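Asker: Sending over a structure as structure tokens; questions will come in a sec.
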Amino acid sequence: MTARQSTTVEADAGMVYAEGMRNGIRTAISMICKAGGEVPLSLRRELTKWDAHSIHREWLAQQGRPVPFAQSEQSYSFIHLALQRVGLECPHVDG
């Protein structure tokens, strides 16, 4: 007999949507790389955008309370900037 741990994950529709978009773009990039193609910069930018959306939505869900708009926008900007600086330097995405 195995014991299972129970975990609670806070999510909302925006978080699920962002995760789906991010995973779809990652899959597309992975397929392009496996076929030996070059990943267009526009697709890498799109991945960076959806990575930021996904992280931001997860952060909002973790707060467990409403977050002031200014604080939310500031956190999203910081997340997006950090991902942009790192993500666009990579020639491909490891899936």
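The values are calculated or read from the model by the stated rules, or taken from the named source; none is laboratory data. Here the structure is a predicted model, which means the values were calculated and not measured. Cβ sites come from the backbone with ideal geometry, for glycine too, and all protein chains shown count toward neighbours. Keep in mind that these areas ignore ligands, DNA and RNA; they rest on the heavy atoms of the full protein, side chains included. Shrake-Rupley method; radii C 1.70, N 1.55, O 1.52, S 1.80 Å.
Asker: Which of the residues spanning region 55-84 are farther than 17 Å from Gly14 by Cα and either of a type in the set (Ser, Thr, Tyr) or modelled with pLDDT of 90 or more (or both)?
Answerer: Correct list: Pro68, Ala70, Gln71, Gln74, Ser77, Phe78.
Asker: Something else now. Of the residues Gln62, Gln71, Gln5, which single one is out of contact with any Cys (no Cβ under 7 Å at 6 or more places or on another chain) and in contact (Cβ under 8 Å) with a residue 40 or more places away in the chain?
Answerer: The unique qualifying residue is Gln62.
Asker: State all residues of region 41-58 that are farther than 13 Å from Glu19 by Cβ and open to solvent by 60 Å² or more (accessible area, probe 1.4 Å); if no residue qualifies, say none.
Answerer: Leu41, Ser42, Arg45, Glu46, Lys49 - these are the residues of region 41-58 that are farther than 13 Å from Glu19 by Cβ and open to solvent by 60 Å² or more (accessible area, probe 1.4 Å).
Asker: Now a separate question. Could you tell me whether Gly36 is at pLDDT 90 or above and over 17 Å from Arg22 (Cα atoms)?
Answerer: The answer is yes for Gly36.
Asker: Now a separate question. Identify, please: which residue in region 1-13 is of a type in the set (A, V, I, L, M, F, W, C) and at pLDDT below 75 and is, among those, surrounded by the most Cβ atoms within 10 Å (Cβ to Cβ)?
Answerer: Going through the qualifying residues, I end up with Ala11.
Asker: With the structure loaded, tell me whether Ala52 is farther than 15 Å from Arg26 by Cβ, at pLDDT 85 or above and not in a loop (DSSP other than H, G, I, E, B) or whether it fails that test.
Answerer: When the stated conditions are applied, Ala52 does not pass them.
Asker: Looking at region 14-40 only, could you name the residues that are closer than 23 Å to Leu81 by Cβ and open to solvent by less than 40 Å² (accessible area, probe 1.4 Å)?
Answerer: Selection gives Gly14, Met15, Ala18, Ile25, Ile29, Val39.
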